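Here the structure comes first, spelled out in structure tokens, and everything after it is commentary.
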Amino acid sequence: MSSANSITLDWEGSPVPCVEGDTVLDALLRAGIPVPHSSCLVQARSGPVPAAAQQGLKESLRAQNYLLACLCRPEQDLSLAPPGQGVRITALLTERDWLSDTVLRVRLAPDESLGHRPGQYLTLFRPDGLGRSYSIAGPELELHVRRIPGGAMSNWLAEAQPGQAVTLQGPAGDCFYTPGDPTQPLLLAGAGTGLAPLYGILHDALGQGHQGPIWLYHGALNERGLYLTDELQALAAQHRNFEYRPALLDRDGPLPEVISRDHPKLTGWRGFVCGDPTIVNLLRKRLFLGGMASRAISADAFLPATLK
């Protein structure tokens with residue numbers, strides 16, 4: 001319990017005294033806990049977060065109770081953790097099916113709620129401890145896994161049977177939908193299995209009644225690189241505010257150029273970009289040059305597929 005003059009911070013199970021008036025950063029550094037001064041971003045697991053401690057943070061970070069330790073002067077006890085640290089839980093593989101020649105859909109049933117948002121990512125561990133991170137493609141735990149020749153995890157998942165136990169850690173990442181302005185135009189763009197988080201964000205936005213235009217661009221080298229096209233076309237037919245744009249490099253040109261032709265001006269829009277780091281960087285630049293505020297762009301850059 002906190003007294004009139006002192007507050008106790010819980011840092012990953014260890015009590016840290018905080019003198020009234022001090023910032024969280026002051027208290028952590030005094031206790032010998034290293035916190036990067038460049039960002040000083042931490043997450044509150046419980047306790048009230050002062051509004052001033054979230055000044056300048058993106059809405060998606062505020063929604064996850066992230067705060068800036070250098071700005072936070074707590075008024076009550078707080079339980080804190082480093083950013084991106086999630087608990088590990090057990091889950092069972094319940095279903096797997098092929099969405100294309102190379103993309104496997106894996107559905108999981110966790111022992112307890114992961115507390116995730118569609119579009120975030122988790123780390124999946126095999127029984128032998130090998131782990132890989134995958135984006136979450138919906139409110140249920142659905143992953144889209146690209147099968148890589150010789151890939152240790154992707155090939156194991158392709159052969160795993162329903163009922164197989166795995167371990168999950170997460171969620172992490174701030175690439176997910178938050179209501180904010182329900183009339184704001186949204187632009188979702190990615191290539192390959194970068195569709196997975198976008199697919200989750202799309203369903204979440206539609207499910208929460210987003211009213212503004214939603215444009216989803218899925219880039220691929222050719223037709224074989226696309227998947228879920230029938231479902232996305234059906235969603236576009238059902239929702240007047242949703243536009244689905246598959247973009248093929250051998251037909252339409254580079255994805256950033258396709259977006260630029262459709263939307264030369266993106267002032268006031270909000271963007272989500274996912275996939276290989278190279279395409280993510282190109283897309284972020286294209287959206288920014290089109291007038292989209294940098295704070296309005298959420299990104300999820302995947303590890304190279306050869307590491308999967």
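The values are calculated or read from the model by the stated rules, or taken from the named source; none is laboratory data. Bear in mind the structure is a predicted one, so any value in this text is a computation, not a measurement. Cβ placement follows ideal geometry from the backbone for every residue including glycine, while neighbour counts extend to all protein chains displayed.
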Legend entry - Count of the range 1-29 residues which are among the aliphatic types (A, V, I, L, M), in contact with a Ser or Thr (Cβ under 9 Å, 6 or more places away or on another chain) and at pLDDT 80 or above: 3
Legend entry - Matching residues, the range 202-211, being part of a helix (DSSP H, G or I) and closer than 15 Å to E243 by Cβ: L202, A205, L206
Legend entry - One residue from R126, R105 being touching an Asp or Glu at 6+ places or on another chain (Cβ under 6 Å) and either of a type outside the set (D, E) or in contact (Cβ under 8 Å) with a residue 24 or more places away in the chain (or both): R105
Inset, instruction - Grab the strands (runs of 3 or more DSSP E) fully contained in the range 15-117, keeping just those with 2 or more residues being over 22 Å from G173 (Cβ atoms). - result: 88-98
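Yes or no, residue by residue, for (1) outside the structural domain of P149 (by TED's automatic domain parsing); (2) modelled with pLDDT of 95 or more; (3) closer than 30 Å to T123 by Cα; (4) touching a strand residue (DSSP E or B) at 6+ places or on another chain (Cβ under 9 Å):
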{"site": "N222", "(1), (2), (3), (4)": "yes, no, yes, yes"}
{"site": "N241", "(1), (2), (3), (4)": "yes, yes, no, yes"}
{"site": "P246", "(1), (2), (3), (4)": "yes, yes, yes, yes"}
{"site": "L266", "(1), (2), (3), (4)": "yes, yes, no, yes"}
{"site": "L283", "(1), (2), (3), (4)": "yes, yes, yes, yes"}
{"site": "S294", "(1), (2), (3), (4)": "yes, no, yes, no"}
Inset, instruction - State whether one or more residues within the range 288-298 are within 23 Å of the chain's Cα centre (by Cα), closer than 25 Å to S100 by Cα and of a type in the set (G, A, S). - result: no
Inset, instruction - Please enumerate the residues belonging to the range 165-183 that are buried (at least 16 other Cβ atoms within 10 Å of the Cβ), more than 15 Å from L130 (Cα to Cα) and touching a strand residue (DSSP E or B) at 6+ places or on another chain (Cβ under 9 Å). - result: G170, P171, A172, G173, D174, C175, F176, Y177
Inset, instruction - Kindly list, by first and then second residue, each pair from a residue in the range 242-253 that is within 14 Å of A189 (Cβ to Cβ) to a residue that is of a type in the set (S, T, Y) and in a helix (DSSP H, G or I), limited to pairs with Cβ atoms under 9 Å and residues at least 6 apart or on different chains. - result: Y244/T229; P246/T229
Legend entry - The lone exception for Q161 - which of (1) in contact with a Leu (Cβ under 9 Å, 6 or more places away or on another chain); (2) surrounded by 17 or more Cβ atoms within 10 Å (Cβ to Cβ) it fails: (2)
Inset, instruction - Taking I201 as the residue in question, decide whether it is buried (at least 20 other Cβ atoms within 10 Å of the Cβ), out of contact with any Asp or Glu (no Cβ under 9 Å at 6 or more places or on another chain) and in the same structural domain as A299 (by TED's automatic domain parsing). - result: yes
Legend entry - Filtered residue count, the range 178-198, keeping only those that are in contact with a Gly (Cβ under 7 Å, 6 or more places away or on another chain) and not in a strand (DSSP E or B): 8
Legend entry - So A234, is it buried (at least 23 other Cβ atoms within 10 Å of the Cβ), more than 22 Å from F302 (Cα to Cα) and at pLDDT 95 or above: no
Inset, instruction - Check L226, L221 and return the single one that is in contact (Cβ under 8 Å) with a residue 40 or more places away in the chain and aliphatic (A, V, I, L, M). - result: L226
Inset, instruction - Look through L92, L67, L80 and report the one residue that is out of contact with any Phe, Trp or Tyr (no Cβ under 7 Å at 6 or more places or on another chain) and touching a residue at least 60 places away in the same chain (Cβ under 8 Å). - result: L92
Legend entry - Residues being of a type in the set (K, R) and in contact (Cβ under 8 Å) with a residue 40 or more places away in the chain - total across the range 254-291: 1
